[in-house]
Amino acid sequence: MENSAKQKVIEELLPQKFGKQGKIWVGILLTLCIIGLIAYIRQLSKGLVVTAMRDYVSWGIYISNFVFFVAISLVGSLITAVLRLTDVHWSTPLTRIAEIIAVSAITFASIIIIVDMGRPDRFYNLFIHGRLQSPIVWDVIVITTYFFISLLLLYFPLLPDLQIMLRYKEKTNKWLYKLYHYLGSFWKNTAGQIKMSERAINILSVTIIPVAFSIHTVTSWLFATTYRPGWDSTNFGAYFISGAFLVGAGGVVVAMYVFRTHYKLEKYITDGHFDKMGKILVMLALLYLYFNVNEYLIPAFKMKKPEEEHLRGLFTGEFAPIFWFAVSMAMFFPILILLFKKGRKPLPAFIAGLMVVIGSWFKRYLIVTPTLLHPFLPMQDVPDSYRHYFPTWEEWAIAVGSLAGALLIITFFARIFPIIPIQETITETEQHEKA
Amino acid sequence: MEQSNTSRRDFLLTSLLTGMTAIGCSTKDPFTADAPVDVKPSGEKVKLLSVDGEVIEVDKAFLKPVPQLPSVSNAEARVGIPGKKFVMVIDLSRCKSLKKCQSACDHMHHVHSGQNWVKVYPMQDAEHTSPYWQPTICMHCDEPPCVKVCPVDATFKREDGIVLIDSDRCIGCRFCMAACPYSTRVFNWESPDTVSEELAVQPYSCESSVPQKKGTVGKCDFCPDMTRQGELPHCVAACPNGVFAFGDMNEDTVTNGSETFRFSDLIRDKAGYRLMEDLGTKPSVYYLPPVNRNFPFENKEQKAEDKKS
Ligand code: SF4
Ligand code: SF4
């Protein structure tokens, strides 16, 4: 590759300052975060009574939001690890997008779980009194592990790029330069360093796969280890994981489209990428559909008494509108769109991805709440408000604030670091030319 | 009820001299010598028992009030009463949903208004089967799902079969509520309105479950504090129809206050059973079927609701 071409790639991929749109976007996200924070402060002072959760619905949208975050974070392992290990090269420009989604989502998963706690001030009890047989403790362990592995998988491939950015001092400001210097000045691009980093990335890619499977399996076990109809299922681990890959891949398609149009990256994130991601999305949606059939239709065939109420509520009752909305948004429509070649063009693929993400959020809500409204013994001797659940403004504000926070991390990351790996792109083009 | 309430708050006179009472869950030491030094003898003497078993006389003015203390330490409360295995038998043929059990329990444990640890369900298992009243409390399962899932050992199973909650340790994750199939656990979504400021600062005792704290979970505790004093749980004592019989499986006796039964005979003769046996939770609460009833089933609440609509 000639030097001028290299130069061009670098210049096109260096992080750019926020334009007007970018500033408005950040402003909106910040406002949402602040509203969420205010709601949380209210919750801290008054207690969880500010939520609509009560003794029957003891887990509400905080927990479904948590499951959603854990789910979407799984994509980091799918794109970085699975595709890397299978030597799929087309996904290189997408790895960093996937990894930052993973890191920001898993960060907010941890935050939202603390928000859900009645006594966040006693969080340390998990460490001094933690008991290994509780699935919550497993979750704490695997989520922490996943967070650090993801962070490293984000950081190591970033090192050569930091080196490049340090060379382009005039393109950054003082603070960022200091940050790059702090993070990456030891990197000298020597053969030894490159070899070491490659080895490290390979090891991490192998380890992250079982850890990724664990985070979501263990999260499903928070439900599956109980007796309740709708949760008491041996299908849950696989069902959750397939759903997680689906929503994660959907999230990546959405992010791809946004970055591509906003930063004018058509050369790097090509139509071909959307085509391939679209196919992956169809496959994952079909897989998730398969597990859904298992999850709902087999109990519905038997209609055991405790299951019956729950399933009727979902199919035709109180929750039917959300249920059919979620199922068609997360699976039916995206499959219909993406099955066609035209549907895998960037814009329709983006729309399908967005549908998947939105549908999946509601799907998580349906996994958590309706079950709690169908206990074994009838709801009795409680005030009327205990028999229903509709989140209060505080819950919405906190849930939306956490989603905004995750987007904010991604946005700032793209402002500070190149969202498409520069060095890897150059190396790959070179290899391509040689071949 | 009122009476035992005041006795709870009563001063523990003897503790000044004997100091035998262990310090409870609280971190505050109630035995510090911060009594005013310039106490003048009142001349009025009180007889007390010293540590060595001698009767001694002390001037009343030297006695110092101490706050209500848990009768056992947290460590002891986690072990339980040695040699016991507590059981409850609930006789459905005697229940007419008076809910005296419920109000006594709510009152004594200062349960937040609207919430209940004892619930009385109008049950009808199928369309053509007969309706009956079914009081439920915590089943004190021998394989308690709630204990299995608790991440911090805040809810625990004791040697004597009782499942208790340490509100000073609970992190409020509510996993136990999701795990309990009997929906018996309630959560303090806010500071319970029934807990006075005075009570709120007292040391929490796992055995009396008082005071309930914001952001933690609560449920029926089988009243081990009453058992230690040789008394019956509040619900048992409050029921005028003798629905609840409480006792020790090892002694094979249960009593509702006025009548005492041999537990094994009672369960055999009246075909006792437990709830949701198929789940394998092994409850410590047994039910006697609603046959030869003392009262006809009459659902006043339902009637009132029907009239309204
Ligand atoms: S009834 Fe519920 S709260 Fe009580 S021991 Fe059993 S599972 Fe735990
Ligand atoms: S709410 Fe409290 S008692 Fe229940 S599982 Fe969580 S920490 Fe344990």
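The values are calculated or read from the model by the stated rules, or taken from the named source; none is laboratory data. Everything quoted here is computed from the prediction, not taken from an experiment. Every residue, glycine among them, receives a Cβ derived from its backbone with ideal geometry; neighbour counts consider all protein chains shown. Heads up: the accessible areas ignore ligands, DNA and RNA and are worked out on the full protein's heavy atoms, side chains in. Shrake-Rupley method; radii C 1.70, N 1.55, O 1.52, S 1.80 Å.
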(request) Could you check the range A:314-377 for helices (runs of 4 or more DSSP H) lying wholly inside it with 3 or more residues that are within 14 Å of chain B (Cβ to nearest Cβ)? (result) A:346-372
(message) I'm checking my understanding of the structure. Among residues of the range B:261-284 that are away from every other protein chain (no Cβ under 14 Å) and in a loop (DSSP other than H, G, I, E, B), which one is surrounded by the most Cβ atoms within 10 Å (Cβ to Cβ)?
(response) B:Ser284
(request) Look through the range B:205-232, keep the residues that are over 11 Å from the mean Cα position of the chain (by Cα) and within 16 Å of ligand 1 (Cβ to nearest atom), and return whichever of them is nearest to the other protein chains (Cβ to nearest Cβ). (result) B:Thr216
(request) Look at the range B:118-155 and say how many of its residues are buried (at least 22 other Cβ atoms within 10 Å of the Cβ), more than 19 Å from B:Glu277 (Cβ to Cβ) and more than 10 Å from every other protein chain (Cβ to nearest Cβ). (result) 2
(request) Please find, within the range B:156-178, the residue that is farthest from the other protein chains (Cβ to nearest Cβ) out of those that are more than 9 Å from ligand 2 (Cβ to nearest atom) and among the charged types (D, E, K, R). (result) B:Asp160
(request) Could you tell me whether any residue of the range B:226-241 is in contact with a strand residue (DSSP E or B) (Cβ under 6 Å, 6 or more places away or on another chain) and outside any helix (DSSP H, G or I)? (result) yes
(request) Tell me which of these B:Ala237 doesn't satisfy, since it passes every other one: (1) open to solvent by 70 Å² or more (accessible area, probe 1.4 Å); (2) closer than 15 Å to B:Cys101 by Cβ; (3) out of contact with any helix residue (DSSP H, G or I) (no Cβ under 8 Å at 6 or more places or on another chain). (result) (3)
(request) Check whether at least one residue in the range B:196-204 is within 14 Å of another protein chain (Cβ to nearest Cβ), within 16 Å of ligand 2 (Cβ to nearest atom) and of a type outside the set (Lys, Arg), and report yes or no. (result) yes
(request) Please specify each residue of the range B:179-193 satisfying the condition of being away from ligand 2 (no atom under 15 Å from the Cβ) and free of Cβ contacts under 8 Å to residues at least 60 places away in the same chain. (result) B:Ser191
(request) Give the number of residues within the range B:121-164 that are under 19 Å from A:His129 (Cβ atoms) and more than 10 Å from ligand 1 (Cβ to nearest atom). (result) 6
(request) Give just the number: which of (1) closer than 13 Å to A:Leu366 by Cα; (2) touching a helix residue (DSSP H, G or I) at 6+ places or on another chain (Cβ under 9 Å) does A:Pro334 not satisfy? (result) (1)
(request) Tell me which residues, restricted to the range A:205-224, are in contact (Cβ under 8 Å) with a residue 60 or more places away in the chain and open to solvent by less than 60 Å² (accessible area, probe 1.4 Å). (result) A:Ser205, A:Ile208, A:Ile209, A:Val211, A:Ala212, A:Ser214, A:Ile215, A:His216, A:Val218, A:Thr219, A:Leu222, A:Phe223
(request) Starting from the range A:70-88, take each residue that is over 14 Å from A:Gly250 (Cβ atoms) and list its partners that are open to solvent by less than 10 Å² (accessible area, probe 1.4 Å) and in a loop (DSSP other than H, G, I, E, B), counting only C-beta distances under 8 angstrom and pairs at least six apart or across chains. (result) A:Leu83/A:Ser91; A:Arg84/A:Ser91
(request) Please report, ordered by residue number, the helices (runs of 4 or more DSSP H) entirely within the range A:109-196 with at least 2 residues that are without any contact (Cβ under 8 Å) to a residue 12 or more places away in the chain and within 14 Å of another protein chain (Cβ to nearest Cβ). (result) A:125-128, A:135-155
(message) Quick check on B:Gln134: is it touching a Leu at 6+ places or on another chain (Cβ under 9 Å), more than 11 Å from ligand 2 (Cβ to nearest atom) and in contact (Cβ under 8 Å) with a residue 40 or more places away in the chain?
(response) yes
(message) I'm checking my understanding of the structure. Among residues of the range A:94-103 that are over 14 Å from A:Ile215 (Cβ atoms) and crowded, with 24+ Cβ neighbours inside 10 Å, which one is farthest from ligand 2 (Cβ to nearest atom)?
(response) A:Leu94
(message) Step by step: first the residues of the range B:170-204, then only those that are closer than 20 Å to A:Asp55 by Cα and more than 16 Å from ligand 1 (Cβ to nearest atom), then the one that is surrounded by the most Cβ atoms within 10 Å (Cβ to Cβ). Which residue is that?
(response) B:Ile171
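Yes or no, residue by residue, for (1) more than 14 Å from chain B (Cβ to nearest Cβ); (2) within 24 Å of the chain's Cα centre (by Cα); (3) of a type in the set (Gly, Ala, Ser):
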site	(1), (2), (3)
A:Ser4	yes, no, yes
A:Glu11	yes, no, no
A:Thr31	yes, yes, no
A:Ile35	yes, yes, no
A:Ala39	yes, yes, yes
A:Gly47	no, no, yes
A:Met53	no, no, no
A:Phe69	yes, yes, no
(request) State which residue is modelled with the highest pLDDT when the search covers only the range B:209-234 and only residues that are of a type in the set (Asp, Glu) and buried (at least 16 other Cβ atoms within 10 Å of the Cβ). (result) B:Asp221
(message) Restricting to the range A:17-30, count the residues that are in contact with a Lys or Arg (Cβ under 8 Å, 6 or more places away or on another chain) and either within 14 Å of A:Phe259 (Cβ to Cβ) or among the small types (Gly, Ala, Ser) (or both).
(response) 2
